[in-house]
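Here the structure comes first, spelled out in structure tokens, and everything after it is commentary.
The values are calculated or read from the model by the stated rules, or taken from the named source; none is laboratory data. Here the structure is a predicted model, which means the values were calculated and not measured. We place every Cβ from the backbone using ideal geometry, glycine too, and count neighbours over all the protein chains shown. Surface accessibility is based on the protein's heavy atoms, side chains included, excluding ligands, DNA and RNA. Shrake-Rupley method; radii C 1.70, N 1.55, O 1.52, S 1.80 Å.
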Amino acid sequence: MSNASVGGIVVGTANWSDHTGFYPRGTKPGERLAYYASRLGVVEVNASFYRRIDPGVYAQWAEQTPDGFVFLVKAHRAVANAPRDGQLAAQYVSNQFRAVDPLREAGKFGGFLVQLGANVRPKPETNEHLVLLRDGMGDDPIAVELRHPEWLGERRGETLERLRSLGLAAVIADEPRAAAVGLPEPVEELTAPALAYYRFMGRDNAGEVSARERRALRAEHAYTDAEIAELADLVTARHGPKTASFVVFYNKKGPNRVEAAMRMAGELERRGYSTG
């Protein structure tokens, strides 16, 4: 983990390549990361969930960013959704661990995000895979996003205790209407005291709509000043001098993400927190 992230609150977005209107006219695709990193301190790499990223690419990204910048890497779906073959699962985890060596060597690796999808239920095999992830990733920080409601329903206490015992950070989401719309109740506890991982994906006021429609509505959401202040309260209440706090915005239509992140950084700085 980058030393610059420990004790600070670092704000950024998921991805950096598609922030409409953020980059100056004429900025080439290969120049966007450097420009982004001059404005914000962390980025969540999502492409790594869908395809293997060569270590050489991570090395190039490290070279394009300043000291103290942090990359959070979303683990590949083959790592998050464990194959039935235990040996294959272990190999996938090992490959994922080694791939980000260039970021570690540069002091720019903040940790892995492991997203357990809505089809991944709490069961013995999944719990065993969480142990494999912890063992296979060494001392790397790992945040786990739980999408199936059973994890945080009746099994909430059991789930949080398991994450604590493994040193895995439960992702803290922005879900103020979770119960009303059938989403998992949000986690507000730090299950790994050294890591606080926030993913703010937008809000909606819709009733019974499909998951796809809800994602579209959230992508369009532009956080108000009052909502930014509310989320800043959530973050600062859990932050401490030994905690690396990462705030990632994922309301992904046009400039929504990056504008929210810039405003959140400004709000935290007004409160006296360092954000990069």
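Some observations on this one:
- Among residues of region 63-98 being part of a loop (DSSP other than H, G, I, E, B) and among the aliphatic types (A, V, I, L, M), the one that is least open to solvent (accessible area, probe 1.4 Å) is ALA75.
- Residue tally, condition touching a strand residue (DSSP E or B) at 6+ places or on another chain (Cβ under 9 Å) and either among the aromatic types (Phe, Trp, Tyr) or at pLDDT below 90 (or both), over region 67-116: 6
- Residues considered: LEU103, LEU113. Of these, the only one that is under 24 Å from SER245 (Cβ atoms), in a helix (DSSP H, G or I) and open to solvent by less than 10 Å² (accessible area, probe 1.4 Å) is LEU103.
- ALA118 fulfils the conditions (1) outside any helix (DSSP H, G or I); (2) crowded, with 17+ Cβ neighbours inside 10 Å; (3) under 18 Å from the mean Cα position of the chain (by Cα) except for a single criterion, (2).
- Any chance LEU231 is part of a helix (DSSP H, G or I) and open to solvent by less than 30 Å² (accessible area, probe 1.4 Å): yes
- Within region 264-276, the residues that satisfy the criterion of being within 18 Å of the chain's Cα centre (by Cα) and modelled with pLDDT of 95 or more are MET264, ALA265.
- Residue pairs meeting the criteria (Cβ under 7 Å; at least 6 apart or on separate chains; first more than 18 Å from GLU230 (Cβ to Cβ), in region 247-262; second open to solvent by 10 Å² or more (accessible area, probe 1.4 Å) and assigned to a helix (DSSP H, G or I)): LYS252/ALA219; LYS253/ALA219; LYS253/GLU220
- Options GLU145, GLU150: the member that is open to solvent by 20 Å² or more (accessible area, probe 1.4 Å) and either touching a Leu at 6+ places or on another chain (Cβ under 6 Å) or acidic (Asp, Glu) (or both): GLU150
- All positions within region 44-60 that are within 18 Å of HIS19 (Cα to Cα) and either in contact (Cβ under 8 Å) with a residue 40 or more places away in the chain or in a helix (DSSP H, G or I) (or both): GLU44, ALA47
- Those residues of region 134-162 which are aliphatic (A, V, I, L, M), closer than 13 Å to GLY111 by Cα and more than 14 Å from the chain's Cα centre (by Cα), in sequence order: MET137
- Hits in region 234-259 (condition: open to solvent by less than 10 Å² (accessible area, probe 1.4 Å), assigned to a helix (DSSP H, G or I) and under 25 Å from THR191 (Cβ atoms)): VAL235
- If you go through region 127-138 and pick out every residue that is more than 25 Å from VAL247 (Cβ to Cβ) and crowded, with 16+ Cβ neighbours inside 10 Å, you end up with 3.
- Residue ID - farthest from ARG263 (Cα to Cα), chosen from residues in region 185-226 that are free of Cβ contacts under 8 Å to residues at least 24 places away in the same chain and of a type in the set (Lys, Arg): ARG212
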